Amino acid sequence: MNNIIQLISIFISFFYGIIFYLLTNLLFYLIEKNKRIVKHLITFIYVIDMAIIYMIILYNINKGYFHIYFIFMVFLGFIIGSFLYRKYLSKIHVKQLFKH
């Protein structure tokens, strides 16, 4: 695997971490009123699906090479996504944007 493919994989992993955080936040919002066992089941299926999607993306980018720093970049993207959400997106009130 050459340097360009590694850099692309690192950037994709970072952005995947941000997207993973945003989708996780959305999932928790959507399932907050369900029973506890249903929440755990849906969360388990969600995590498995997200892991499989990440492996498929990496396989298509770099033919399945997997390095530990790709996971570190996903975690870093998740943390940055959390920071960005708290700093900017949580302050947007959608209902006020669409008032008539």
Requested in this report: Please give the contour-minus-distance gain from residue 57 to residue 69: 0.36 nm per residue of separation, less the Cα-Cα distance, rounded to one decimal in nm.
Outcome: 2.8 nm
Report summary line: Carbon and sulfur atoms account, in whole percent of the 1.4 Å probe accessible area of the chain, for 73 percent
Query raised in the report: So which trypsin sites (Lys or Arg not before Pro) in segment 1-83 are both in a DSSP loop and have at most 10 other Cβ atoms within 10 Å of their Cβ?
Result: 33, 35, 63
Query - Solvent-accessible heavy-atom area per residue, rounded to whole Å², over the chain at 1.4 Å - result: 80 Å²
Query - Label-point separation, residue 36 to residue 80 (7 Å along Cα→Cβ), nm - result: 3.7 nm
Query raised in the report: Helix hunt in the chain: which complete DSSP H runs extend at least 30 Å axially by C-alpha with mean Kyte-Doolittle at least 0.0?
Result: 3-30, 36-62
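The values are calculated or read from the model by the stated rules, or taken from the named source; none is laboratory data. Worth saying up front: this structure is predicted, and the values here are computed from it rather than measured. For neighbour counting, all protein chains shown are included, and Cβ atoms are generated from backbone atoms with ideal geometry for every residue, glycine included. Accessible surface is based on the protein model in full, side chains and every heavy atom, while ligands, DNA and RNA are left aside. Shrake-Rupley method; radii C 1.70, N 1.55, O 1.52, S 1.80 Å.
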